[in-house]
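Participant: Provided herewith is a single structure, encoded as structure tokens, for subsequent inquiry.
Just so you know, all these numbers are worked out from the coordinates, no wet-lab data involved. Everything numeric here is computed off the predicted structure, so don't read it as measured data. Here the Cβ positions follow ideal geometry from the backbone for every residue, glycine too, while neighbour counts run over all protein chains shown.
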Amino acid sequence: DSGVTQTPKHLITATGQRVTLRCSPRSGDLSVYWYQQSLDQGLQFLIQYYNGEERAKGNILERFSAQQFPDLHSELNLSSLELGDSALYFCASSTQSHGTSGGNGYEQYFGPGTRLTVT
Amino acid sequence: DAKTTQPNSMESNEEEPVHLPCNHSTISGTDYIHWYRQLPSQGPEYVIHGLTSNVNNRMASLAIAEDRKSSTLILHRATLRDAAVYYCILRDVVVLIQGAQKLVFGQGTRLTINP
């Protein structure tokens with residue numbers, strides 16, 4: 001158990017709909033990351049938040065948005081869903097944000113994922 | 001990010017050592033070598049990381065070549081639970097310190113353990 005929780009575990013919805021995925025990071029972790037895993041694209045970074053602020057963006061579609069709340073949980077909103085959005089969505093958290101020398105403290109801890117099926 | 005090359009798949013037997021190779025010929029001096037693995041139906045999990053010296057932890061050992069152009073993740077006694085996809089990832093500590101800390105996953109090595 002990584003300490004990162006994600007809800008729901010499974011989600012089935014129709015094209016054109018909007019869904020919200022939720023992530024609670026490990027206690028004390030300030031950074032949250034979202035990744036998408038599909039069969040054809042593998043694991044891809046979507047977006048990173050640190051203490052409520054967006055820190056980095058990856059291959060995130062404009063139809064997708066995320067936020068991190070004051071209690072540090074994060075939500076990923078996916079709208080106007082398409083069949084191709086069907087994938088596993090993982091959330092990860094880490095302690096460090098910046099300023100730490102060396103390579104320690106940047107390990108990411110992943111949640112169990114949300115499997116999204118768009119029909 | 002500098003790229004890594006790993007075999008697509010490897011197979012080993014239970015209770016035998018497993019050596020998972022990773023080539024990273026364009027590694028820079030500030031790149032740390034990280035390994036993650038993804039067990040079936042689970043999220044990735046951190047395994048180990050290192051810079052120049054060999055590293056050991058409770059999960060595995062990491063052997064880094066002297067020129068740092070390659071590394072090997074060593075599972076000393078594989079169990080069925082070690083069957084997973086193993087990812088070798090380079091992370092630039094300069095970029096990490098600046099706060100951009102995404103993980104860039106390649107295809108990884110799918111490890112099969114035979115009973």
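Participant: Using only atoms on other chains, find how many Cβ atoms lie within 10 Å of each Cβ of peptide B:101-111 and report the average.
Facilitator: Mean partner-chain Cβ count within 10 Å for B:101-111: 5.
Participant: Under a 5 Å amide H to amide H cut-off, with H placed in plane at 1.01 Å, what residues pair with residue B:48 once short-range neighbours are removed?
Facilitator: When sequence neighbours closer than 5 places are left aside, the close amide H contacts are B:35.
Participant: Compute the distance in nm between two label points, each set 7 Å from the Cα along the Cα-to-Cβ direction, one at residue B:95 and one at residue A:39.
Facilitator: 3.0 nm
Participant: Taking Rh as the Kirkwood radius computed over C-alpha pairs, what is the Stokes-Einstein D of the range B:53-115 at 20 °C in a medium of viscosity 1.002 mPa s, expressed in µm² per second?
Facilitator: It comes out at roughly 155 µm²/s.
Participant: At 222 nm, what value in deg cm²/dmol follows for chain B if DSSP H runs of at least 4 each add -39500 (n - 2.57) and the sum is divided by all its residues, to the nearest 500?
Facilitator: Rounded to the nearest 500, the figure is -1000 deg cm²/dmol.
Participant: Give a residue-ordered list of calculated ³J(HN,Hα) values for the range B:71-85 (Karplus: 6.51 cos²θ - 1.76 cosθ + 1.60, θ = phi - 60°; whole Hz; x for Gly, Pro).
Facilitator: With the stated coefficients, the range B:71-85 comes to 8, 9, 8, 10, 9, 6, 9, 5, 10, 4, 6, 7, 5, 5, 9 Hz.
Participant: Here's a follow-up. Report the residue, chosen from B:96, B:39, B:80, that carries the largest GNM mean-square fluctuation when chain B is represented by alpha-carbon nodes joined by springs under 10 Å.
Facilitator: With Cα springs under 10 Å in chain B, the top fluctuation among B:96, B:39, B:80 is at B:96.
Participant: For the protein assembly as shown, what's the radius of gyration and Dmax over Cα atoms, in angstrom?
Facilitator: Over the protein assembly as shown's Cα set, Rg and Dmax evaluate to 17.8, 54 Å.
Participant: Could you tell me how many cubic angstrom of Cα convex hull volume chain B has per residue?
Facilitator: Measuring per residue, one finds 96 Å³ for the Cα hull of chain B.
Participant: Across the residues of B:88-99, average count of Cβ atoms on other protein chains within 10 Å?
Facilitator: If you average over the peptide's residues, the count of other-chain Cβ atoms is 4.
Participant: May I ask you to work out the translational diffusion coefficient for chain A at 25 °C, viscosity 0.890 mPa s, via Stokes-Einstein with Rh from the Kirkwood sum over Cα pairs, reported in whole µm²/s?
Facilitator: This corresponds to a translational diffusion coefficient of 170 µm²/s.
Participant: Still on this structure, I have one more. Across the range B:14-19, in residue order, what do the Karplus-derived ³J(HN,Hα) couplings come to in whole Hz, using 6.51 cos²θ - 1.76 cosθ + 1.60 with θ = phi - 60° and x for Gly and Pro?
Facilitator: Once θ is set to phi - 60°, the couplings for the range B:14-19 become 4, 6, 9, x, 10, 10 Hz.
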